[in-house]
Structures are given as structure tokens and as C-alpha cells.
1. Only one residue in GLU51, GLU40 is acidic (Asp, Glu), in a loop (DSSP other than H, G, I, E, B) and out of contact with any helix residue (DSSP H, G or I) (no Cβ under 6 Å at 6 or more places or on another chain). Which one?
2. Please enumerate the residues belonging to the stretch 1-29 that are in a loop (DSSP other than H, G, I, E, B), surrounded by 10 or more Cβ atoms within 10 Å (Cβ to Cβ) and either within 18 Å of the chain's Cα centre (by Cα) or among the aliphatic types (A, V, I, L, M) (or both).
3. Using beta carbons and a limit of 6 Å, which pairs, at least six apart or on different chains, have the first residue in the stretch 7-33 and touching a residue at least 12 places away in the same chain (Cβ under 8 Å) and the second one exposed (fewer than 10 other Cβ atoms within 10 Å of the Cβ)?
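A short reminder: the numbers here are calculations on the coordinates, not readings from a lab. Small disclaimer: the values here were computed from a predicted structure and weren't measured. Note that we place each Cβ from the backbone using ideal geometry, even for glycine, and neighbour counts take in every protein chain shown.
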Amino acid sequence: MDEVVAQFTPWPDTKVTIKIDIEAEDQNGFDENLQRAIRENCAVLEIDQAEFEGE
């Protein structure tokens, strides 16, 4: 990833945005404790969206 982003550094007016999409599936779903931990970590990392199906 660093090598790809580094290719843009010579271009001073270039804005680089890195996006990560994480999907997790479990046929039993995820309990409330795990969901809360995920949401709290996302808030600390300033991740805009953290949602679970069925919400």
C-alpha cells in the first residue's frame, strides 16, 4: 500500500483517499458485546460507518 500511495507524492495538488471495506458473516449473527466493541473502535478510528444487518 505504501508503494502505491508513494507514487502520488510528487504531485503536490493530489488528494489521496484510502478506503477499506470490511465484511464479516456469521450464520448465528454477532452478539451485542461484539457489536458494541466494533462500533466503539470505529468511532475511535473515525470510521464513518459501522453497521450490522438487521439494524
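1. GLU51
2. Within the stretch 1-29, the subset in a loop (DSSP other than H, G, I, E, B) is 1, 7-29.
Next, from what is left, pick out any that are surrounded by 10 or more Cβ atoms within 10 Å (Cβ to Cβ): 7-8, 16, 29.
Hit for the stretch 1-29 is VAL16, nothing else.
3. Taking only residues 6 or more apart or on different chains, not a single pair turns up.
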